[in-house]
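The values are calculated or read from the model by the stated rules, or taken from the named source; none is laboratory data. Given the structure is predicted, the values throughout are model-derived calculations rather than measurements. Every residue, glycine as well, gets a Cβ built from its backbone with ideal geometry; the counts of neighbours run over all protein chains shown. Heads up: the accessible areas ignore ligands, DNA and RNA and are worked out on the full protein's heavy atoms, side chains in. Shrake-Rupley method; radii C 1.70, N 1.55, O 1.52, S 1.80 Å.
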Amino acid sequence: SKLAALFEHPLYNIPIPEVTEKDKLFIVNPKEKFSLHSSGSDEWVSSSKAETLLPTGKTAYDTYPTWLKFHVGINRYELYPRRDPLLPMLLRDLATQRIVSSVQKSGGTQLKLIMTFPNYGQALFKPMKQTRDQETPIDFFYFSDFERHNAEIAAFHLDRILDFRRIPPVSGRVVNITKEIWDITTDKKLAKTFFISPAGNVCFYGECSYYCSTEHALCGKPDRLEGSMAALLPDKTLAKRRSWRSPWRRSYHKSKKAEWELNPNYCAQVRETPPYDRGHRLLDLIDMTILDFLMGNMDRHHYETFEKFGNDTFLLHLDNGRGFGTHSRDELSILAPLQQCCSIKKSTYLRLQLLATQPYRLSDLLREALAADPLAPILAEPHLRALDRRLGKVLAAVGHCLAR
């Protein structure tokens, strides 16, 4: 396994700083045990009551479902640890746990559903809209492109291979539209959009600002539909997140250009603007830029951080559905922050150099990681080959900076 060898490499074993109580997203009472009562209500019960429900000798943490252990493990430095024994279990839960509720997620330009499991875990379901080998047409603007379920799955694994670990775990899954959405939804607006197509397939389209109409309906075969299931982050009422507008945001206009596209010295003013004027925020943004360039994602207008950790924490790389749309073209403008600022973390640069060597070739590592997903193959081969080509261009951009 090339992947196992990669994670043994010294560059993937650089320790994170010691995690103190204030560096944890949640401070957990070690005596509070999690119990699912047969009544169907979810509640934390006091330790004295829990003793009667649990085998003796189990710690309270052992009673938490996998999704809750994932939430409890989040800290200032990482969303999940490098060697996380929970990860395979969480991915398996996302792919296999029984779905007890499906409702549409509000907001956004395209249809997404929130699925709930019997253990109160939740996942964000993005349905399949395109086949693996459909490229985004060259005349499409980036903001009118479809979101791809397989891009969400591939982005999670790529983010982990780059050792960023800033994307919540994602698994592929085949859902039965009738039994796992239509029959159990309590969302009246969503329920009104189901129909049987002339071909006898079950379809629905939901309500959203784009692509929610009978012409863009999602149809099963006859009621089976594949999609991506992403583990949800803790509810914002429990762990507030702050949304930041990216300084290199595109104009989202058919003819206007953004300031960074017109001003070659744009980075100088970004460096003087909080929060980019201190700490490692700008370097973290350049990490995200490299991830986006490798997958061809032009749609990074915002990013989020956990409010509790202030400016000294990682960026969450959420919403990656517009990646992996084209393999035949490389959008070099995505690399603007790297090219204009000529800055990169040393650890990121060393890992990128490692991933360009034969024993740790990036395409081979991602192919191996994606082979374990229930919907494999996730990416068509040309997309995997494009990764190696794009990695070469990232390293070349750093080389130009070093030369300057």
Which value in Å is the Kirkwood Rh of the chain over different Cα pairs? 22.7
What number comes out for accessible area per residue over region 241-403 if the probe is 1.4 Å? Units Å², please. 43
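For the cross-link pairs K112/K188; K105/K126; K308/K346; K105/K188, which exceed 19 Å when the distance is taken from alpha carbon to alpha carbon? Don't skip to the answer; put the middle values down first.
Values: K112/K188 15 Å; K105/K126 10 Å; K308/K346 27 Å; K105/K188 13 Å.
Listed pairs above 19 Å: K308/K346.
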Scalar couplings 3J(HN,Hα) for region 344-352 by Karplus 6.51 cos²θ - 1.76 cosθ + 1.60 (θ = phi - 60°), nearest whole Hz, x for Gly and Pro, are 7, 5, 4, 4, 5, 4, 5, 5, 4
From the P(r) of region 152-247, can you give the percent of Cα pairs sitting at distances over 21 Å? 52
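Could you tell me the relative contact order of region 241-403? Use alpha-carbon pairs under 8 Å, at least six residues apart, and round to a whole percent.
Relative contact order, region 241-403: 24 percent.
How high is the relative contact order of the chain, given as a whole-number percent (alpha carbon pairs under 8 Å, six or more residues apart)? Mind showing how you got there, number by number?
Values: 647 pairs, mean separation 70.2, N = 404.
Relative contact order of the chain: 17 percent.
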What are the ³J(HN,Hα) couplings of region 95-100, residue after residue, when phi is run through the Karplus curve with 6.51, -1.76, 1.60 and θ = phi - 60°? Round to Hz, x for glycine and proline. 8, 10, 4, 5, 8, 10
Ignoring ligands, DNA and RNA, how do K22, K393, K345, K112 rank by accessible area with a 1.4 Å probe, largest first? K22, K393, K345, K112
Report E368's accessible area, 1.4 Å probe, all protein chains in place, as a number in Å² to the nearest 10. 60
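Hey, got a sec? Which chymotrypsin sites (Phe, Trp or Tyr not before Pro) in region 152-239 land in a DSSP loop and have at most 13 other Cβ atoms within 10 Å?
On the way: sites: F156, F164, W182, F194, F195, F204, Y205, Y210, Y211; in loops: F164, F194, Y205, Y210, Y211.
Listed in order of number, the matching sites are Y210.
In whole percent, how big is the carbon plus sulfur part of the accessible area of region 241-403, probe 1.4 Å, protein atoms only?
Working: 3630 of 7010 Å².
Carbon and sulfur: 52 percent of the exposed surface of region 241-403.
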Toward the positive end of the charge dipole of region 241-403, about the Cα centre and with charges on Cβ (Lys, Arg +1; Asp, Glu -1), which of I290, P247, Y266 goes farthest? Y266
On full extension of the chain, what length is gained from K179 through E368, given 0.36 nm per residue of separation minus the C-alpha to C-alpha distance? 64.8 nm
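Subtract the Cα-Cα distance of A356 and D23 from 0.36 nm times their separation in residues, and report this length gain in nm to one decimal. Before the final figure, lay out each step's value.
Values: separation 333, 0.36 × 333 = 119.88 nm, distance 3.38 nm.
Value of the extension gain: 116.5 nm.
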Using the Karplus equation 6.51 cos²θ - 1.76 cosθ + 1.60 (θ = phi - 60°), what ³J(HN,Hα) coupling, rounded to whole Hz, does each residue of region 269-280 give in order, writing x for Gly and Pro? 6, 5, 4, 9, 9, x, x, 8, 8, 7, x, 10
Leaving ligands, DNA and RNA out of it, report the carbon-plus-sulfur percent of the accessible area of region 158-219 at a 1.4 Å probe. 51
Students often get this wrong: which residues of region 329-355 have the backbone nitrogen under 12 Å from the point 7 angstrom along Cα-to-C-beta of A396? 330-332
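Using r as the Cβ-Cβ distance of K2 and Y77, and R0 as 30 Å, what FRET efficiency do you calculate, to the nearest 0.05? Mind dumping the intermediate values first?
On the way: r = 26 Å, r/R0 = 0.86.
Between K2 and Y77 the formula returns 0.70.
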Between region 74-133 and region 278-314, how far is it from one alpha carbon centroid to the other, in angstrom? 21
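Using 1/(1 + (r/R0)^6) with R0 = 35 angstrom and r between the beta carbons of R241 and K192, what's the FRET efficiency to the nearest 0.05?
Numbers: r = 31 Å, r/R0 = 0.90.
Efficiency at R0 = 35 Å is approximately 0.65.
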At 1.4 Å probe size, with no ligands or nucleic acids counted, give the accessible surface of H253 in Å², nearest ten. 80
What are the residues whose amide H is under 5 Å from the amide H of L318, where those residues sit 5 or more places off or on another chain and H is modelled from the backbone? E304
Alpha carbons only, please: Rg and Dmax for region 241-403, in angstrom. 16.3, 46
